[in-house]
Amino acid sequence: MSKLDTVVQNLNVALDRLEAAMKRRESVERPAEAMENELAALKQDRSRLAEELDRVKAEYAQLEQVAREVEGDVDTAMQDIQRVLEG
């Protein structure tokens, strides 16, 4: 084997190692990038859900107020009916 053949063989081995290292790095970077994208999506979902929760809580508070008012109206109506019946 000539010196040139040895140099070419060593170059090929080095290129194979470089390619393998790049593939390993790529296999690490892709999941990291995917996780970053998923984290960003989860943060966006969390923000949207927090806004929706606030809206639902406000709506619930309004419904509770309406329920209390209706309860008072029903109690008054029942008392009025009772007085009429006792008449």
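For the Cα atoms of the chain, what angle does the longest principal axis make with the long axis of helix 3-86, in degrees from 0 to 90, nearest 10?
Result, in degrees: 0.
If you compute Cα extents along the principal axes in Å for the structure shown, which of [x] 47, 29, 24; [y] 51, 36, 22; [z] 125, 16, 6 do you land on?
Comparing each candidate, only [z] matches the computed number.
Taking the simple approach of a point 7 Å from Cα along Cα-to-Cβ for both E71 and N37, what is their distance in nm?
According to this spin-label approximation, the distance is 5.2 nm.
Build a GNM of the chain with springs between Cα atoms under 10 Å: which of L39, L49, L18 gets the top mean-square fluctuation?
Checking each option, the largest mean-square fluctuation is seen for L18.
Quick one: go through the range 53-69 and flag any residue whose amide nitrogen is under 17 Å from the point 7 Å out along the Cα-to-Cβ line of Q79.
Inside the label zone: 68-69.
So if I place +1 on the C-beta of Lys and Arg and -1 on the C-beta of Asp and Glu, and nothing else carries charge, what would the dipole magnitude of the chain be about its Cα centre? I want it in debye, nearest 20.
1040
Tell me what the chain gives for mean residue ellipticity at 222 nm when only DSSP H runs of n ≥ 4 count, each as -39,500 (n - 2.57), the sum divided by the residue total, rounded to 500 deg cm²/dmol.
-37000 deg cm²/dmol
Gaussian network model of the chain, Cα springs within a sub-10 Å range: biggest mean-square fluctuation belongs to which of V13, V66, V56?
Maximum among the listed residues: V13.
Each value in this text was obtained by applying a stated rule to the coordinates, not by laboratory testing. Owing to the predicted nature of the structure, the values given are computational and were not obtained by experimental measurement. Counting neighbours? That spans all protein chains shown, and the Cβs are built from the backbone with ideal geometry, glycine included.
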